[in-house]
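Some notes on the structure that comes next.
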Amino acid sequence: MRITEQQPGVSKRYIDPDSVTKRMDGRKVINTVFRSLFFMATLVALLVLGILFYRILSQGLGFLSAEFFQNFASRIPEKAGIKAALVGSLWLMAVVAPVSMFLGIGTAIYLEEYAKKNRINDLIRMNISNLAGVPSVVFGLLGLTIFVRALALGNSILAAGFTMSLLILPVIIVAAQEAIRAVPQDVREASYGMGATKWQTIVRVVLPSAIPGILTGSILALSRAVGETAPLIVIGVPVIIHFLPTGVTDTFTALPMQIYDWAKRPQADFQQVASAGIIVLMAFLLFMNSIAVLIRNKFQKRY
Amino acid sequence: MVQLMNRTETEAVVSPPEAPVREAAKPVVYDTKQLNLWYGSHHALKNIDLPIRENEVTAIIGPSGCGKSTYIKTLNRMVELVDGVRTSGEILYRGRNIFDAKYSVEELRTRVGMVFQKPNPFPKSIYDNIAYGPRIHGIKNKKILDEIVEQSLRGAAIWDEVKDRLNTNAYSLSGGQQQRICIARALAIEPDVILMDEPTSALDPISTLKVEELVQELKENYSIIIVTHNMQQAARISDKTAFFLNGEVIEFDHTDKIFQNPADQRTEDYISGRFG
Amino acid sequence: MVNPTTRERASVQELIAKAGNNKRKKAIEKIIPVILFLIAGVSVLTTIGIVATLIFETVTFFRQVPILSFIFGTEWLPFSNKEAKFGILPLIAGTLKITLIAVIVAVPIGLAAAIYLSEYASDTARRIIKPVLEVLAGVPTIVYGFFALTFVTPVLQTIIPDLKIFNALSPGIVVGFMIIPMIASLSEDAMSAVPNAMREGALAMGATKFEVAIKVVLPAALSGILASVVLATSRAIGETMIVSLAGGSTPRFDANFTDSVQTMTAYIVQVSTGDAGYGTPIYYSIYAVGFTLFLFTLLMNFLASRITKRFREAY
């Protein structure tokens, strides 16, 4: 890097090699300093995650017992359990997964395979990206008005499920669109070349190739729905429930709701119960995410 | 190239002559009449007239961008997958205009198979690749499918290489094998015509040779139209050759005539390697 | 047509003709696009539903509370026994306080992380750090809220003794941490999209990596970076659970960061967890607040898309 040798035959030089060399050391120091600064900033983000996990594990592990999973909510911290919330979250998933994936994949197929470039389809595309930016609490207001009141579903699993489905719909659409777009054009052409219709091509060639990507994206979106609290609060999902739902029209509670309730209570013991609840919630999410990663790794790079 | 283009303007009025009759002419499979094609405002094919006969290998040669790929994709209307394509004129396949509103593209493509530039097997098992065509057209009988798969793979001269691993993913094969799987896949619906769009451009020389030999065998039973930018290949395997330049057919004749004694100066320039 | 071999069964083309389900196929080809279009319409209906709901209920609210006193009022006392006051400004102030702190925390850290990942990090480092950032982005906000309330606030109280249990500072910082992954990954995408040729051009003239990052990559990726910051700001504005748990419920129109505050989102949660009767001004007020919030985030998202469109890089 250093310019030391004088070039022969050059009468006037605009660059003084000595000063360049001198300045070079300073520039290198700046480079090193900032490099460490950037690295430390990155570490801060990781550190926060570390502290967060440590805090929650150290506070909550003690409360994680078999009884914690078998008990319903209680005013006494030692007797408080997560059974209703855990089962409720599973019920919620049972509604959100099929509804959001049906709508999301359908929309993605439409946009990628059928939609021509025109105003209506541009509007749909623009609308999806805007919808992704709407705060979840506003989706709660939508759910409250349309599903809870107008359609009279009350604070049931169905009302919450529909609301959550709409909330994560943009994420699933975008993930499915990307997966469908990643299917090479030439296998589509191969199918058309055999005399296959468009729908045959989509069902037999495009979707089978895109399904791993779609599943990965959908599971990540679903895990967002598992952790969302605000829409459930607005819909009016209760916390103290002493029975398990038997159908989608039953009322229920969910993990984040239960955690929210415990976190708000002033007794110190309830903070530990909340931590235990968070551990369950995070384990739930971790499980879903590992499935997503597994699918992604198993089916990666096939072309 | 630019100069050539200018010359083309004046001489193109003379539509290319049909190949002179040397033997009893075979029936025409594909008859292209005054075909024009535009991508948006780009005039890609200009007044194409081309009668293609049964059980022959017809090679289409020309420099990149001359419209040869566009033309072969027009024959099974795959070109319409691109937005903004317009055509005029007609292409008669066995006497029926393929642009006719009543002629469904699916029906046409069931009769006319296609092999593409890059091997494009489906990410499925070898068996499912071959059985794809019959299945989408409603053949479900497992025994018949087995028969078709074996026969097609034999037809594409790859049966011996893959018969023990029909259930493995087609992507585990080499490029040359994949291309022959694609040919077998096209054979599985027993098409009348096979269109090949530079089928060896992505292959190594040995695989290329195998595909060329295969083409020679297939010609006994199929009419084959092959686009190639490899002039030696055209000379080796085809019966007739059409030379395309700037969207026009400059010359169409018996292959040996084209390569030994071309009628048009531009054909000679091209095959002697002066451009392209 | 000539069949390749003689055999007992009919030719494939004959079998195909016999199977001939063309009518059904044609019907499917016609119906499917219509069905898919209707499905795609659901997302549009959702937006229409949101806007219609908010406008409709907000209009009802303004029948009970004058619109001007809502927009310009500096007092938000909905539960007052004497005279309820619905001036939105304190809630907006609360929201902006949280957002401001979050942005101050997140932008430098997020950008530094993005520069590190895009310009300095080895492949191995990137392979470790990026998933961790993804995890950070996937932590539910209720967990962050709990973290703010039970850890960050007590820690801050040891530094700032005046700090109340509920305050703007702690949730603001944690919201900042929440949006770091968003800024980092979107900005990194923008920086990675800068062609290597531009970096090589500068490096070949003797520039250090830092100079390349600041003078070449950053300016080239500016629109993407700006858009990421705007989107992250929008997320901070709409963040609900962290501020509900750690921010408190005291609407105040001032620049105080150490006392309890209330944001727009936290107010909606407060009313929802309480038992405001259907049809009361309080019930409708959550829609008016929700509508205001919606407008804020809409504006932000619009801004982000304008930035990306306007300054689309020309490489």
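Since every read-out is calculated from the coordinates, none of them should be taken as a lab result. Predicted model, so just to flag it, every value in this text is computed and none were measured. Cβ placement follows ideal geometry from the backbone for every residue including glycine, while neighbour counts extend to all protein chains displayed.
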Out of the DSSP beta bridges found with both residues in chain B, what percent are antiparallel (nearest 5)? 60
Greater than 25 Å apart at Cα, pairs in B:LYS73/B:LYS219; A:LYS83/C:LYS164; B:LYS46/B:LYS73; A:LYS22/C:LYS209: A:LYS83/C:LYS164
Using θ = phi - 60° and the Karplus form 6.51 cos²θ - 1.76 cosθ + 1.60, what ³J(HN,Hα) does each residue of region C:244-254 get, whole Hz, x for Gly and Pro? 5, 7, 10, x, x, 9, 10, x, 9, 9, 7
Spatial separation of Cα centroids for region B:250-276 and region A:84-145, in angstrom: 60
Stokes-Einstein diffusion coefficient for region B:2-271 at 25 °C in a medium of 0.890 mPa s, Rh from the Kirkwood formula over Cα pairs: what value in µm²/s? 128
Kindly work out what percent of the DSSP beta bridges joining two residues of the protein assembly as shown are antiparallel, to the nearest 5. 60
Using θ = phi - 60° and the Karplus relation 6.51 cos²θ - 1.76 cosθ + 1.60, list the HN-Hα couplings for region B:259-272 in order, rounded to whole Hz, with x at every Gly or Pro. 7, 9, 9, x, 7, 9, 4, 5, 4, 4, 4, 5, 6, 8
P(r) for region C:85-310, please, calculated from all Cα pair distances in 5 Å bins and given in %. 1, 7, 13, 16, 16, 14, 11, 9, 6, 4, 2, 1, 0, 0, 0
Which aspartates and glutamates have a Cα lying under 15 Å from the Cα of B:LYS26, excluding residues fewer than 8 positions away in the same chain? B:GLU18, B:GLU54, B:GLU56, B:ASP192, B:GLU220, B:ASP239, B:ASP253
For the protein assembly as shown, what is the charge dipole size about the Cα centre, in debye to the nearest 20, if Lys and Arg each add +1 at the Cβ and Asp and Glu each add -1 at the Cβ? 1140
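Which of rounded, prolate or oblate describes region A:17-63 when judged by the alpha-carbon gyration tensor and an a/c cut-off of 1.5? Working shown, then result.
Values: a/c = 12.00, a/b = 8.86, b/c = 1.35.
Because a/c hits 1.5 or more and a/b exceeds b/c, region A:17-63 counts as prolate.
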What distance in nm separates the simple spin-label points at A:ALA283 and B:GLU213, each placed 7 Å from Cα in the Cβ direction? 6.3
Region A:265-275 - phi-based ³J(HN,Hα) in whole Hz, Karplus 6.51/-1.76/1.60, Gly and Pro as x: 6, x, 4, 4, 4, 5, 5, 6, 4, 4, 4
Inter-part distance where region A:52-74 and region B:137-197 are each reduced to a Cα centre, Å: 59
Between 0 and 90 degrees, rounded to the nearest ten: what's the tilt of helix B:175-187 against the longest Cα principal axis of chain B? 90
First measure r as the distance between the Cβ atoms of C:VAL132 and B:ALA25, then evaluate 1/(1 + (r/R0)^6) with R0 = 60 Å and state the FRET efficiency to the nearest 0.05. 0.25
Taking every residue in B:127-135, how many Cβ atoms of other protein chains lie within 10 Å of its Cβ, on average? 3
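Could you list A:LEU86, A:LEU286 in order of exposure, starting from the residue whose Cβ has the fewest other Cβ atoms within 10 Å? Present the calculation step by step, with values, prior to reporting the outcome.
Numbers: A:LEU86 21, A:LEU286 13.
Ranked by crowding around the Cβ, least crowded first: A:LEU286, A:LEU86.
Using a Förster distance of 41 angstrom, determine the FRET efficiency expected from the C-beta separation of A:ILE30 and A:MET126, and round it to 0.05. Don't skip to the end; give the middle numbers.
Details: r = 43 Å, r/R0 = 1.06.
After rounding to 0.05, the efficiency reads 0.40.
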Using the crude model of +1 on Lys and Arg Cβ and -1 on Asp and Glu Cβ, and no other charge, please compute the dipole size for chain A relative to its Cα centre, in debye to 20. 840
Would you tell me the mean number of C-beta atoms belonging to other protein chains that fall within 10 Å of each C-beta in A:262-271, as a whole number? 2
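Applying 1/(1 + (r/R0)^6) with R0 = 25 Å to the Cβ-Cβ distance of A:ALA94 and C:LYS26, what FRET efficiency is obtained, to the nearest 0.05? Spell out each step's value before the answer.
Values: r = 37 Å, r/R0 = 1.47.
With a Förster radius of 25 Å, E is 0.10.
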Taking 0.36 nm per residue of separation and subtracting the Cα-Cα distance, what length does fully extending C:LEU89 through C:THR273 add? 64.0 nm
Would you list B:CYS66, B:CYS182 from fewest to most Cβ contacts within 10 Å? B:CYS66, B:CYS182
Working out 0.36 nm times the residue gap between A:LYS298 and A:ARG119, then minus their Cα-Cα distance, what length gain in nm do you get to one decimal? 60.5 nm
To the nearest 10 degrees, how steep is helix A:255-264 against the longest Cα principal axis of chain A, on a 0 to 90 scale? 90
Show the residues, 5+ positions off or on another chain, whose built amide H is closer than 5 Å to the amide H of B:ALA59. B:ILE226, B:ASP239, B:LYS240, B:THR241, B:ALA242
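Quantify how strongly other chains surround peptide A:286-293 by giving the mean number of their Cβ atoms within 10 Å of each of its Cβ atoms. Could you put the intermediate results ahead of the total?
Values: counts 2, 0, 1, 4, 0, 0, 0, 2.
Mean partner shielding for this stretch: 1.
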Ranked by how many other beta carbons lie within 10 Å on average, peptides A:63-70, B:254-261 from highest: B:254-261, A:63-70
Based solely on C-alpha atoms, express the radius of gyration and the Dmax of the protein assembly as shown in angstrom. 34.2, 109
For the pair A:ARG13/A:ALA152, report the inter-label distance in nm, with labels modelled 7 Å from Cα in the Cβ direction. 9.2
